[in-house]
Amino acid sequence: MEAIVFYIALGIGVLYLILKFVIKKVPKKVLDEVYSWFETFFVVSIIMYFLLQAFKIPSGSMEDTLLIGDHLFAVKFIYGWKIPFTKKTYLKFSTPKRGDIVIFKFPINPKKDFVKRCIGLPGETVEIKNKKVYINGKPLKEPYVVFKEGNILPRELSPRDNWGPVKIPENNFFVMGDNRDRSQDSRFWGFLERHYLRGKAFFIYWPPKRIRLIKHERPVFEDAP
């Protein structure tokens, strides 16, 4: 989306130059209006590329934390800015923490944006046994999780309820939806490479009754004091 806005700004800028320096006999009022539109789209493209971006929740995979139809802003710079046309990032202010709700490009189809919760970090070993998540052999207590199907699927049929153990590679993360029984996440398509990250969910701005800061609840180990 930010690329579309940038190219619109670029097109309007080119139009302004043509009107001013090629056609020339254009009323000042028209030139001022075109330049005003150029400024608007240029500033918006800068904000969208470096600071914030809007997203809409299309599915119920993050219920009951995020609902279908929620519109939210994500902070883009928190995990670093991406160098255009590369997989590299720079100025990394932070790295995803366990419990962060992250926005990312879907690895199988990067044209789509997904939102999930970060559960496993680089170097950790993740295992799921009968719907319970274990990190390095320790069970996680996750107060935000909901289960909407009571049955347990054996690993021979599906990785939904029984998965791993697998060690997370460097610069990769294990992400899951809060609605565990109805989420397509790292259990099904693998680890999330860092370069696919787009930002950290920040604020729900629509619908009005849902306006709020997004709380990033931190899971704890069950044997923690």
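What follows is calculated from the coordinates using simple rules that are stated; it is not laboratory data. Please read these numbers as outputs of a predicted model, since none were measured by experiment. All Cβ positions, glycine included, derive from the backbone under ideal geometry; neighbour counts span all protein chains shown.
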(request) Give, in nm to one decimal, the length gained when the segment between Ile46 and Asp32 is fully stretched (0.36 nm per residue of separation minus the Cα-Cα distance). (result) 2.9 nm
(message) Using DSSP to call loops (not H, G, I, E or B), can you name the trypsin sites (Lys or Arg not before Pro) in the range 5-68 whose Cβ has at most 15 other Cβ atoms within 10 angstrom?
(response) Lys24, Lys25
(request) May I ask you to give the average projected area over all directions of the convex hull of the Cα atoms of the range 19-65, in nm² rounded to one decimal? (result) 5.7
(request) For the chain, build the charge dipole from Cβ charges (+1 Lys, Arg; -1 Asp, Glu) around the Cα centre, then report which of Met62, Tyr134, Phe73 sits farthest towards its positive end. (result) Phe73
(message) Can you give me the angle between helix 28-50 and the longest principal axis of the chain, using Cα atoms only, in degrees from 0 to 90, rounded to the nearest 10?
(response) 20
(message) Sort Leu10, Leu19, Leu157 by Cβ crowding within 10 Å, fewest neighbours at the top.
(response) Leu157, Leu10, Leu19
(message) Viscosity 0.692 mPa s, temperature 37 °C: what is the translational diffusion coefficient of the chain from Stokes-Einstein with a Kirkwood Rh over Cα pairs, rounded to a whole number of µm²/s?
(response) 167
(message) Nearest 500 deg cm²/dmol is fine: what mean residue ellipticity at 222 nm does the chain get from its DSSP H runs of n ≥ 4 alone, each adding -39,500 (n - 2.57), divided by its residue count?
(response) -6000 deg cm²/dmol
(message) Normalised radius of gyration for the range 112-225, please: alpha carbon Rg relative to 2.2 N^0.38 Å, two decimal places.
(response) 1.11
(message) Taking the Cα centre as origin and putting +1 on Lys and Arg beta-carbons and -1 on Asp and Glu beta-carbons, what dipole magnitude results for the chain, to the nearest 20 debye?
(response) 560
(request) Check cross-link reach from Lys111 to the aspartates and glutamates: straight Cα distance under 19 Å, and skip same-chain residues fewer than eight apart. (result) Glu2, Asp185, Glu193
(request) Please give the length that would be gained between Ile152 and Arg210 if that part of the chain were fully extended, namely 0.36 nm times their separation in residues minus their C-alpha to C-alpha distance (nm, one decimal). (result) 17.6 nm
(request) Any chance you could give the angle, 0 to 90 degrees and rounded to 10, that helix 2-17 forms with the longest Cα principal axis of the chain? (result) 0
(message) Relative contact order for the chain: what percent, with Cα pairs under 8 Å and sequence separation of 6 or more?
(response) 21
(request) First select every other residue whose beta carbon is under 15 angstrom from the beta carbon of Ile108; then total the charges, Lys and Arg +1, Asp and Glu -1. (result) +2
(request) Tell me the label-point distance for the pair Glu170, Lys131, using the 7 Å Cα-to-Cβ offset, in nm and rounded to one decimal. (result) 3.8
(request) Answer with one residue from Val34, Pro208, Ser94: the one whose Cα lies farthest towards the positive end of the charge dipole of the chain, charges on Cβ with Lys, Arg +1 and Asp, Glu -1. (result) Val34
